[in-house]
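Structure first, then comments.
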Amino acid sequence: MKNSFDEKILEEANDWLNANQKVVLATVIQTWGSSPRKVGSRMIVNETGDFSGSVSGGCVESAVVRECIGLIKDNKPCKKIEFKVSNESAWEVGLACGGEIAVYLEQIS
Amino acid sequence: MKHSQLKEIIKKKASKIEFAIITNLENGLSEIYEPGKSLSKEFEIHKEQINNFFKLKKNGVIENTEIFIETYIRPIKVIIVGAVHIAQYLVDFAKSLNFEISIIDPRGYFASEQRFPDMKIINKWPDEAFKEIETNENSALIALTHDPKIDDPALQHALNKKFYYIGALGSKKTHENRCQRLKDAGFNSDQINSIHGPIGIKLGGRSAPEIALSVIAQLVSETYKK
């Protein structure tokens with residue numbers, strides 16, 4: 001049952017593309033410590049910032065959406081981003097759970 | 001990733017083929033890997049590691065490289081015997097899990113397409129129905145009719161094929177009688193004790209969706225114990 005394709009995110013990405021939206025696919029590629037979602041977890045984002053799926057328990061999704069919109073604007077094919085433990089004294093994005101994750105973003109064209 | 005590749009992945013998923021997606025994280029190139037098929041030069045040099053990830057059904061980045069592999073695993077076959085009210089909710093819950101459900105019920109008025117739209121329903125007695133489904137130790141059985149005529153042959157098939165999960169609906173008394181019949185049919189106590197009966201984890205609910213939830217919870221839990 002360790003199947004990361006079971007959330008139908010890829011199917012949803014296809015629907016969005018068929019509706020002429022620009023789509024960036026975000027995939028968890030590495031995790032360290034107690035990260036909430038396993039490797040292979042996915043999320044999709046379109047040019048207006050609508051998103052579906054998840055790469056964490058809600059900790060870093062807003063930053064991922066921002067990065068994905070940036071990728072579309074700059075018309076870049078892909079990018080790798082890492083998120084580390086959040087600093088509780090600052091209002092920055094991070095993983096409150098204490099884990100670290102690497103997320104790979106790629107435009108579907 | 002190209003849109004055409006995404007479509008191909010979705011197609012492979014739908015036809016239940018085992019494959020992997022290999023991505024070069026530096027330049028964004030990706031390919032679909034299937035055992036026995038050759039890869040492009042760029043990925044061919046990592047073939048051994050790719051094969052290892054694939055065999056272990058693992059996702060991850062190959063050490064000291066920028067190559068990411070994601071393997072697709074076939075869904076688990078779950079056979080429901082009895083196209084009853086509980087089965088309708090089981091089908092709903094299983095939609096968001098990695099289970100491929102078939103329903104067996106020889107009673108046509110239960111096993112109608114109107115009650116189970118888009119489902120594989122086999123309107124035959126279990127002995128005949130199982131000829132149409134390939135099963136093994138990775139299969140699961142949920143027997144819901146509590147009618148010995150229908151449930152028992154299915155349970156016997158599941159025990160013989162060593163299904164990893166076998167659950168049977170019915171009260172303690174019904175289950176005791178069922179165990180006795182299986183004993184009389186020559187099954188040993190280890191085999192009989194492997195049947196989850198009364199089925200499901202203890203939630204306390206008695207409604208059809210509540211029972212379905214308790215059954216699916218037990219099935220998921222046993223799946224992770226495999």
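Fewest-first ordering of A:42, A:66, B:181 by other beta carbons within 10 Å of each residue's beta carbon gives A:66, B:181, A:42. Taking a straight Cα-Cα cut-off under 18 Å and skipping sequence neighbours fewer than 8 places away in the same chain, the aspartates and glutamates within cross-link reach of residue A:79 are A:47, A:61, A:67, A:100, A:106, B:26, B:31, B:66, B:70. To the nearest whole percent, what portion of all C-alpha pairs in the stretch B:31-134 is separated by more than 16 angstrom? Summing the P(r) of the stretch B:31-134 above 16 Å gives 65 percent of all pairs. Counted over the stretch B:24-76 with a bin width of 5 Å, the fraction of Cα pairs per bin, in whole percents, is 4, 18, 34, 28, 11, 4, 1.
Would you list, by chain and number, the lysines whose Cα falls below 27 Å from the Cα of residue B:131, excluding same-chain residues fewer than 8 positions away? By straight Cα distance, residue B:131 reaches B:11, B:12, B:13, B:16, B:77, B:95, B:120, B:149, B:161, B:162, B:183, B:226. Rg/Rh for the stretch B:77-120 (Cα atoms only, Rh after Kirkwood) is 0.92. Return the Rg/Rh value of chain B, two decimal places, where both radii are evaluated on C-alpha atoms and Rh is the Kirkwood radius. Radius of gyration relative to Kirkwood radius: 1.07.
Applying a length cut-off of 20 Å (Cα extent along the axis) and a mean Kyte-Doolittle floor of -0.5 to the DSSP H helices of chain B leaves B:208-225. A Stokes-Einstein calculation at 25 °C with viscosity 0.890 mPa s, built on the Kirkwood radius of the protein assembly as shown over Cα pairs, returns a diffusion coefficient of 110 µm²/s.
The charge dipole of the stretch B:76-225, taken about the Cα centre with unit charges on the Cβ atoms of Lys, Arg (+1) and Asp, Glu (-1), comes to about 340 debye, rounded to the nearest 20.
Each label was represented as a point 7 Å from its Cα along the Cα-to-Cβ direction; for residue B:118 and residue B:31 these points are 3.4 nm apart. Overall, the protein assembly as shown carries a charge dipole of about 720 debye about its Cα centre when +1 sits on the Cβ of Lys and Arg and -1 on the Cβ of Asp and Glu, all other atoms neutral. Excluding same-chain neighbours fewer than eight residues apart, the lysines reachable from residue A:76 by a Cα-Cα span under 20 Å are A:22, B:2.
For chain B, the longest piece that avoids every one of the GluC sites (Glu not before Pro) found in DSSP loops with at most 11 other C-beta atoms within 10 Å covers B:138-226.
For residue A:28, neighbours were defined as the other residues whose beta-carbon sits under 9 Å from its Cβ, and their charges (Lys and Arg +1, Asp and Glu -1) total +3. Dipole magnitude for the stretch B:3-72: computed about the Cα centre from +1 point charges on Lys and Arg Cβ and -1 point charges on Asp and Glu Cβ, it is near 480 debye.
Semi-axis lengths, largest first, of the ellipsoid equivalent to the stretch A:9-108 are 24, 14, 11 Å, with √(5λ) applied to each eigenvalue of the Cα gyration tensor. Peptide B:1-14 has a mean of 4 when you count, residue by residue, the C-beta atoms of other protein chains within 10 Å of its C-beta.
Every number in this text was worked out from the coordinates using simple rules, so none of it is lab data. Please read all numbers here as calculations on a predicted model, not as lab measurements. Note: ideal-geometry Cβ built from the backbone for every residue, glycine included; neighbour counts use all protein chains shown.
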